[in-house]
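Note sheet for the following structure.
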Amino acid sequence: MEVLHNYMKATNTHNFDEVRKILHPNAVYFFTDQTCTTHEEIKAYFEHAWSVVKDENYEAQAVTWLYRESHSATCTYTYFYEGYIDGTYTSGRGRATNVFVKESDEWLLIHEHLSPLPHGDGSHVSF
């Protein structure tokens, strides 16, 4: 679905105002080390991550749409990131679940859950 592509594109701008355009007012994020329940908490988490991983590129790989209907859609994917931490190239992967809802003809992200891959399947960095 185009909304996931738009979300990845917004994330890679490293400008939270672009991400916010795709967020539902009640969006909740489950990160490995923190739960964010307001846009301000989500913004702080994103901006901190962008300050740690410079020139980050973030992608959704192996996307599976579990449910797609007229007003709700849920997908899982492997997230991949790459960038520079303290001048050294780094990359990692993890698992993601996104839930989108359609309101007023606009698809919005209402929930994201990120977690590490099962042991031995990749790397993950918490921010």
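The values are calculated or read from the model by the stated rules, or taken from the named source; none is laboratory data. Since the model is a prediction, treat every value here as computed from it, not as a measurement. In this analysis, Cβ positions are derived from the backbone assuming ideal geometry, glycine residues included, and neighbour counts consider all displayed protein chains.
What do you reckon, is Gly83 closer than 20 Å to His14 by Cβ, at pLDDT 95 or above and surrounded by 12 or more Cβ atoms within 10 Å (Cβ to Cβ)? Yes: the conditions hold for Gly83.
Of the residues making up segment 11-47, just one is under 24 Å from Ser72 (Cβ atoms), part of a loop (DSSP other than H, G, I, E, B) and among the charged types (D, E, K, R), namely Lys21.
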